[in-house]
Structure formats: C-alpha cells, structure tokens
1. With respect to the numbered conditions (1) within 20 Å of the chain's Cα centre (by Cα); (2) surrounded by fewer than 21 Cβ atoms within 10 Å (Cβ to Cβ), which one is the sole condition not fulfilled by residue 323?
2. Return yes when residue 418 is touching a Lys or Arg at 6+ places or on another chain (Cβ under 9 Å) and either surrounded by fewer than 24 Cβ atoms within 10 Å (Cβ to Cβ) or at pLDDT 95 or above (or both) and no when it is not.
3. Report, ordered by the first and then the second residue, all pairs with beta carbons closer than 7 Å, sequence separation of six or more or different chains, a first member in region 60-87 that is at positive phi, and a second member that is in a loop (DSSP other than H, G, I, E, B) and hydrophobic (A, V, I, L, M, F, W, C).
4. Within region 504-520, identify whether any single residue is in a loop (DSSP other than H, G, I, E, B) and not polar (S, T, N, Q), and answer yes or no.
5. Given (1) assigned to a loop (DSSP other than H, G, I, E, B); (2) surrounded by 12 or more Cβ atoms within 10 Å (Cβ to Cβ), identify the lone condition not met by residue 108.
6. Among the listed residues 299, 401, 352, identify the single one that is under 19 Å from the mean Cα position of the chain (by Cα) and among the aliphatic types (A, V, I, L, M).
7. In region 386-404, how many residues are under 28 Å from residue 459 (Cα atoms) and in a helix (DSSP H, G or I)?
8. Do we find a residue being within 23 Å of residue 176 (Cα to Cα), out of contact with any helix residue (DSSP H, G or I) (no Cβ under 6 Å at 6 or more places or on another chain), at pLDDT below 95 and surrounded by 17 or more Cβ atoms within 10 Å (Cβ to Cβ) anywhere in region 84-104?
Amino acid sequence: MIAIKAVVIAACAVQTAYALPTNASLPVVDLDYALHRATINETGQYYNFSNIRYAAPPIGNLRFAAPIEPTEVNRTINDGQQGAICAQGTPYWEEVASYYFQGANTSTLEFVEAEVEAVEKNLTISGLAAPAPLTSEDCLFLDVIVPKSIYDSCGESSAPVVVWFYGGGYVAGSKFGSGNPATLISRSQENGDEGVVYVALNYRLGLFGWLSGPTFEESGAANAALLDQRLALEWIQKYIYLFGGDADRVTVIGESAGAGSIMHHITAYGGSNGNAPFSQAILQSPGYPPVYSDAQQEATFQNVITQAQELIGPNITSVSDLRNLDFATLAGLNTIITARSAPYGTFTFGPAVDGTYVPELPAKLLLEGKFDTNVKIMTGHNSNEGAFFTSPFFSTDADIATDLTTTLPTISNSTLAYVTGTLYPPVYNGSYPYTSVWERASLITAEIVFTCNTRYLNTAFLNETHSYYFAVPPGLHGEDIAYTFFNGDTTTSNDGLPVNATIAADLQRYIMNFAMTGNPNGVGVPFFPEYQSNATTIVLGTTGLGSVQTDTTANNRCAWWQQALYE
C-alpha cells in the first residue's frame with residue numbers, strides 16, 4: 001500500500017524543476033503515486049487535471065471486489081489525455097419510451113415493442129456492436145477542474161469543492177457525460193465570489209458494480225460501486241488541498257442514480273461509523289428501486305448466471321467463473337442483461353440492502369434517525385418524474401397490480417389492496433393527482449422511486465433544508481440536468497426541448513451559492529425559502545420564476561412508503 005503522502009509542484013509548494021519544454025507554465029501535482037499535469041482552458045481560465053486514478057484497476061481478483069487505493073507508482077508526468085468510461089448498458093424498453101414521447105400512436109408503439117422484443121430475444125455477444133470508445137474495466141478515474149485564480153492562491157486560502165455523481169439508472173453514465181461544467185463553475189465566481197473546485201468521478205456500472213445477495217457475497221462485495229464512490233470521496237479528503245480545495249467544505253451533487261447513491265452515503269452504516277466524507281449534499285431527483293430482500297438480490301444474481309449460461313456456456317455457475325471471463329465477454333453479457341431489463345421502466349441493477357454499508361433502506365434509516373445528521377441538504381424533484389418509466393400500454397387496474405408485485409415481490413395481498421384501493425384509488429375525477437390509469441401508474445412510480453425520497457430527506461433534516469420543484473413542461477425525469485450544465489445554447493436540451501436561459505442561470509446560481517455558503521440565496525436570484533414545517537418548495541417553471549408552493553410529496557402516500565410496510 002502506498003503511503004499517504006503528497007506534494008504539489010508549482011503553486012502549492014516548493015517549485016521543482018521538471019523538464020517540460022512545451023508545457024513549463026502548466027502546473028504539475030504530485031500525488032506520490034502519480035504526477036499529473038493540467039491542461040488549461042484559456043477562455044474560462046481554469047485548469048483541468050483529467051483522468052486521475054483514484055483506485056487500483058478493478059480487474060482480475062479485484063473484479064466484483066471492494067476498490068482499493070492505487071498500488072502502483074508511476075513517476076511519468078500524466079497529462080490526462082487518456083481517459084476511460086466504465087462498461088455501459090441501456091434497457092431496450094427505452095426505445096418504446098422514445099417513440100411514445102414523440103407522439104407515436106398505439107399501433108406504432110405495438111410494432112416497436114414487438115421489434116424490440118424480437119431483437120432482445122436473439123441478442124448474442126458476438127453480434128453486439130462495438131462498445132463506446134474508451135470503454136474499459138480499468139475505469140476508476142476522476143477529473144479535478146479548478147479556476148486558475150484558486151489554484152494560484154493555493155497555500156494561502158482554499159475553496160469549496162463540488163463533487164458530481166452522474167445518473168443513468170446505475171447502468172450508464174460517465175464523469176463527463178452529463179455536460180460541461182464550465183458555466184456552472186463560472187457562476188461560482190460571479191460578484192467576486194471565491195469560486196469552487198469541481199470534481200467528477202467514474203464508478204462501476206451494471207453487473208460490474210451492483211451485484212449482491214447471499215451467493216454472490218460469498219466471494220464478491222455487495223454494492224461495489226457505492227464503495228468506489230466512497231473511496232473517491234476519501235481520495236478528495238486526502239488530496240484536494242493540493243488543487244486549492246478545502247476538504248472541510250465538500251458538497252456532493254448528483255441526479256437520479258447519482259443522487260440515489262448520495263442518499264446511501266448519507267445513511268451509510270446507519271450513521272454509526274462517523275461523519276460522511278462531505279459536509280453538504282444536493283440531491284436532484286434521487287432515485288433507487290427498493291431492493292431490500294435477500295431473495296430479490298439472489299434472483300438478480302441467478303438471472304446473471306442463467307443468461308451467462310445461455311450466451312457463453314453452461315459451465316458458468318459461480319462468481320469465480322464470471323471473474324475469469326475476459327472483459328469483452330463480460331461487458332457483452334452486461335449489455336444484453338441490461339437490454340433485457342424487465343418489467344418496463346427498470347434497469348436490473350442498483351444498490352441493495354447489504355447489512356453493512358447499507359444496513360437498511362435509506363428511507364427507513366432516515367425515518368429512524370440512523371444517518372449523518374451533520375450534512376446540510378438541498379433537494380429537487382421534477383413535476384413528471386414517473387412518466388418515462390411507465391409503460392404506455394398500461395390501461396387497467398390489473399396492469400398496476402402486476403407491476404407492483406414485480407417491483408415489490410414480498411408485498412402481501414392485503415398490502416397490495418391498500419396501495420391500489422386506498423393510497424392510489426381508481427378515482428379519475430381530478431380529486432387525486434391523476435385522471436387516468438396511466439397517470440395513476442406514473443404517479444406510483446414517481447413516488448416509490450424518486451419524489452418521496454426528497455420528502456424523506458427534508459423531514460429527516462428537520463425541514464431545515466432547501467427544495468426546488470422543476471416544473472418546466474413537460475417536467476420529465478432528468479430534464480433539469482440540461483439546466484444544471486447549461487452553457488448558453490438555448491436551442492436544445494438533452495431531450496430536444498428548448499432551455500430557458502433565465503431559469504438555467506438561476507438554478508446554477510442556487511447550486512453554487514449553496515455549495516459556497518450552505519444557503520442558495522445570493523445576489524440576483526429570487527428568494528429561495530427554507531423547506532420548514534409547511535413544506536415550502538421554490539418553483540422553477542415558466543409561469544412564475546421564484547414562486548413557491550407546498551411540496552407535492554407532503555402527503556400520506558410518501559409517509560406510508562417510508563415505513564416500507566411492503567417488506
């Protein structure tokens with residue numbers, strides 16, 4: 001194990017003469033186990049230390065294992081130009097969803113679904129397209145982006161740190177895939193503010209990072225991807241001062257699976273193992289499916305084994321056999337299993353209760369006071385979170401019941417009847433937040449997986465939080481990310497919809513103000529009130545920028561879900 005010792009070259013410590021004939025003016029940071037030279041963005045005046053290894057390659061015996069610190073020393077200066085992304089996957093039901101939200105009629109959707117099912121059934125590893133460029137099992141890297149003014153003041157002062165966790169259903173995403181943080185970073189230096197150091201990290205995805213269950217855990221680490229993230233946060237605690245960052249002022253921010261991961265870090269070890277390695281958190285639409293039972297986890301692992309036997313060979317029966325596969329074959333298996341994710345709206349993989357890092361569902365841990373109470377919290381959720389994940393073919397009460405029993409396999413008949421008859425009754429006259437079976441199903445998905453999570457956080461932290469409601473139509477899950485990473489192009493967002501530049505600028509300022517001061521309020525933005533006992537959320541919407549309303553999650557349904565009575 002490498003000793004934890006580091007020295008910065010150039011601004012943060014004694015100047016050292018390195019032979020850099022063409023890059024002599026660019027800083028080099030010495031992490032003891034590696035030397036990293038920055039590139040510079042002249043327009044934004046910030047340094048980018050790209051593709052810094054924060055963990056040993058998770059290959060060989062470290063496949064499916066908890067990550068460890070880098071073990072090899074490389075004294076060759078690294079300019080970060082060689083990057084990597086972790087193996088990815090995409091559920092094929094997303095193709096149907098794409099057609100649905102483009103306005104396709106029922107017959108077209110039925111045709112697309114039939115085509116997708118046929119393709120899924122006949123997938124083979126050898127027939128897959130080549131993976132995305134840079135795909136590698138050796139993918140545990142992070143980027144540090146720091147304004148030149150902060151780096152040049154290193155040693156005299158230190159700046160707040162913002163750490164980005166990407167979303168992607170726990171099966172897709174990368175540290176740079178959500179967007180360019182240039183404008184977000186520049187917001188932190190408006191009005192003479194000190195600015196922030198920005199960090200983004202990769203973590204393992206799909207079966208590489210999210211397997212669990214009794215059989216798997218005989219020789220594998222449950223929730224390995226959570227442990228990747230945790231190790232990266234610990235790396236930041238050790239090394240961020242070398243870049244001008246303050247380890248005592250770290251704000252983690254994530255969306256969807258990224259925010260769902262952050263929930264698990266806030267509740268890690270049930271709050272019994274000291275403070276989290278961050279002081280603040282911004283959770284945008286935190287999402288995770290409730291995987292609470294050994295039976296659920298075992299079923300997922302056995303599904304992996306079954307599909308491996310079908311696609312690779314009948315001799316694959318164990319974690320050891322999976323560990324011995326070459327990367328391309330295992331990545332292909334991951335691609336196909338993720339593509340076949342069922343039911344509609346699911347991703348197969350994700351965090352699970354493991355009895356240690358995740359001793360219980362985060363919702364219950366928050367209810368029971370078993371979490372790090374010292375973290376400051378800002379949350380946000382969108383107005384139509386469940387729509388993308390709801391099958392367009394839902395038309396009967398039976399469809400809803402079937403979906404619930406698949407999502408919550410231990411739910412009893414009486415509890416199912418309570419959910420469908422009392423919490424979400426089949427009443428479509430407008431007295432509930434839905435007027436059709438499909439809207440009812442969409443609300444159930446939104447509240448189980450996404451929106452109620454923000455309510456649990458806000459109430460657990462005694463309502464001394466800030467929470468926004470993103471209501472720019474259509475308010476689908478993830479649409480606020482184009483606003484978080486908005487860089488001035490108002491023509492499209494990641495859903496092909498126009499971005500409102502004013503709303504984007506205000507959201508970015510709220511985020512940066514919170515990261516720097518613990519309060520989203522500041523110069524030039526509408527007042528953002530605390531959540532408080534009346535569940536106040538600020539509305540980010542085209543009809544009233546800065547208006548407030550009572551949180552839509554302040555309801556008896558979320559209160560019931562938090563108790564996890566379906567276990």
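The values are calculated or read from the model by the stated rules, or taken from the named source; none is laboratory data. A quick note: this is a predicted structure, and the numbers were derived from the prediction, not measured. Every residue, glycine as well, gets a Cβ built from its backbone with ideal geometry; the counts of neighbours run over all protein chains shown.
1. Condition not satisfied by residue 323: (1).
2. So residue 418 does not fit the description; no.
3. Note: pairs meeting the criteria are 64/211; 64/221.
4. Yes, the conditions are met somewhere in region 504-520.
5. (1)
6. Unique residue meeting the criteria: 352.
7. Adding up the residues that qualify gives 4.
8. So far as region 84-104 goes, no, none of its residues is within 23 Å of residue 176 (Cα to Cα), out of contact with any helix residue (DSSP H, G or I) (no Cβ under 6 Å at 6 or more places or on another chain), at pLDDT below 95 and surrounded by 17 or more Cβ atoms within 10 Å (Cβ to Cβ).
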